[in-house]
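Supplied in structure tokens, the structure appears directly below.
The values are calculated or read from the model by the stated rules, or taken from the named source; none is laboratory data. Because the structure is a prediction, the values reported are computed rather than measured. So basically every Cβ, Gly included, is an ideal-geometry build from the backbone, and we count neighbours across all protein chains shown. To get the accessible areas, we keep the full protein, side chains included, count just its heavy atoms, and leave off ligands, DNA and RNA. Shrake-Rupley method; radii C 1.70, N 1.55, O 1.52, S 1.80 Å.
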Amino acid sequence: VSQILTREYLESLDAQDQLAPFRDAFQLPGSGQYFNGNSLGPRPKSTREAMKQVMEAHWGCHGGASWYGQDWMQRPARVGGKIAHLIGAAADEIIIADSTSINLAKMVMTALDIQAGRHVIVTEEGNFPTDLYILKDIAARVSGVEIRIVATEDLADALDDGCALLALTHVNYKTSRQHDMAALTKKAHEVGALALWDLSHSAGAVHVDLNASQADFAVGCTYKFLNGGPGAPAYLFVAKRHQNGAPALPGWMGHAAPFDFSPNFIPAEGMTRHLTGTPPILALAALECGVDLMVEAGVGAVVEKSARLGDVTIELVEQKLSDTDIEVLSPRHTAQRGAQICLKTVQASALVGRLENRGLIVDFRPPNIIRLGLAALYVRYQDIWDVVDALGEEYKALRRVEQA
Ligand SMILES: Cc1ncc(COP(=O)(O)O)c(C=O)c1O
């Protein structure tokens, strides 16, 4: 983008946008200009029928017989297989279970098992808090395990032949900076470490190819860009070469024959062994609707539009807000950032409230960051014009209040 942007020009981009029809598949909160899908994606309209079917036609009419009769047992793998398609994994390398926090703990323990004799986990400052809490907790509980938390620019140097695991979030929640997954995974492998990626801000947002990157493990949220619903269950990925390992937290649902009720754990084949407890079937029904929309739209088109929405946002902020202290915190290059643009301003908290009063939903991360989630399935180019315009107006209004 290099010309001076106008609202008319952005409307023309919307008119040509092949993804434009998907906007109507969502119930959009507020005025319909929703920039918070990087936190909680909006509700696909199809979730109502899908959940109703499980409640009435399955649970209501067949009760527990639905576990096999209505294929409930297959759902974690079925929905996982669809997500695999979005992030460069084979269908049988992903399963849906638990939360990202729990899955992260499970994958770290699985990796440490494989890496017997190595004790160091490397991660970075500024990783998402739950990742840091879980990694630190494992280091504190498991004898000999040590965590090395370093600045982003020191990651490669922190890897040495004592390292068991590199555990990183691919796209940072606060800055939107995106790591080069293939390059860092390669560096980890060169010293004999494995690589675990948290894809919470990546799936359905940026290009991810787990297998081309040789990633070993991955986890991620489904309630953000995959629009799975509040508390939607997370996914976990184990590369095929590691799938014969013993699962961490072996529960009855990971057993080869759960309904034999054997006192001894025998792992199921493949990813099923990484299930721990009973799958959340209602939540899975909602999640599948969000994932189906992403599959139907085509993740390539989604990634491309997300990047362009980001470019337009940066361009507009620079064009229209240069007389404010509002500053773009996210990287300029599309391959180095996620599908959100983070803005820094001392007025962040007040501005987010003022925008919300105008029906524009953006989000705030303390102390001074505004996040604009740019989900390609329902955010329009013209919406970016409106939110940047509103930011400028409200910034000036705040300044007038301060000066009065
Ligand atoms: C990068 C990242 N990892 C993990 C989580 C938390 O996931 P969960 O609530 O499923 O444990 C989040 C939530 O926003 C996140 O942004």
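Given the conditions (1) open to solvent by 30 Å² or more (accessible area, probe 1.4 Å); (2) within 23 Å of residue 225 (Cβ to Cβ), and given that residue 68 satisfies all but one, which numbered condition is not satisfied?
It is condition (2) that residue 68 fails.
Here is a list: 187, 224. Which entry is among the basic types (Lys, Arg), out of contact with any strand residue (DSSP E or B) (no Cβ under 6 Å at 6 or more places or on another chain) and assigned to a loop (DSSP other than H, G, I, E, B)?
After ruling out the rest, the residue left standing is 224.
Mind telling me which of the residues 255, 242 ends up being modelled with pLDDT of 95 or more, away from the ligand (no atom under 16 Å from the Cβ), in contact with a strand residue (DSSP E or B) (Cβ under 8 Å, 6 or more places away or on another chain) and farther than 18 Å from residue 72 by Cβ?
Values: 255 fails: farther than 18 Å from residue 72 by Cβ.
None of the others qualify; the one that does is 242.
Per-residue answers, yes or no, for (1) at negative phi; (2) in contact with an Asp or Glu (Cβ under 7 Å, 6 or more places away or on another chain); (3) in a loop (DSSP other than H, G, I, E, B); (4) surrounded by fewer than 17 Cβ atoms within 10 Å (Cβ to Cβ):
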| residue | (1), (2), (3), (4) |
| --- | --- |
| 8 | yes, no, no, yes |
| 12 | yes, no, no, yes |
| 22 | yes, no, no, no |
| 31 | yes, no, yes, yes |
| 51 | yes, no, no, no |
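Of all residues in the stretch 186-210, which are farther than 15 Å from residue 236 by Cβ and either among the aromatic types (Phe, Trp, Tyr) or surrounded by fewer than 24 Cβ atoms within 10 Å (Cβ to Cβ) (or both)? Break it down into steps so the answer makes sense when it comes.
Going through the stretch 186-210, the residues farther than 15 Å from residue 236 by Cβ turn out to be 186-193, 201, 204-207, 209.
Scanning the stretch 186-210 gives 186, 187, 189, 190, 191, 192, 207, 209.
Which residues, taken from the stretch 3-35, are modelled with pLDDT under 95 and farther than 19 Å from residue 359 by Cα?
Passing the criteria: 3, 4, 5.
A further question follows. Could you list, in sequence order, all residues of the stretch 131-150 that are among the β-branched types (Val, Ile, Thr) and surrounded by fewer than 18 Cβ atoms within 10 Å (Cβ to Cβ)?
Result: 142, 149, 150.
Next question, about the same structure. Please tell me if residue 354 is in a strand (DSSP E or B) and either more than 20 Å from residue 27 (Cα to Cα) or at pLDDT below 95 (or both).
Working: in a strand (DSSP E or B): no; either more than 20 Å from residue 27 (Cα to Cα) or at pLDDT below 95 (or both): yes.
No, not satisfied.
With respect to residue 109, is the statement that it is among the aliphatic types (A, V, I, L, M), in contact with a Phe, Trp or Tyr (Cβ under 8 Å, 6 or more places away or on another chain) and modelled with pLDDT of 95 or more true?
On the way: among the aliphatic types (A, V, I, L, M): yes; in contact with a Phe, Trp or Tyr (Cβ under 8 Å, 6 or more places away or on another chain): no; modelled with pLDDT of 95 or more: yes.
It is false that residue 109 is among the aliphatic types (A, V, I, L, M), in contact with a Phe, Trp or Tyr (Cβ under 8 Å, 6 or more places away or on another chain) and modelled with pLDDT of 95 or more.
Can you pull out the helices (runs of 4 or more DSSP H) entirely within the stretch 64-164 that have at least 1 residues that are of a type in the set (Lys, Arg) and either under 28 Å from residue 293 (Cβ atoms) or within 16 Å of the ligand (Cβ to nearest atom) (or both)?
Helices (runs of 4 or more DSSP H) meeting the threshold: 75-86, 100-114, 129-141.
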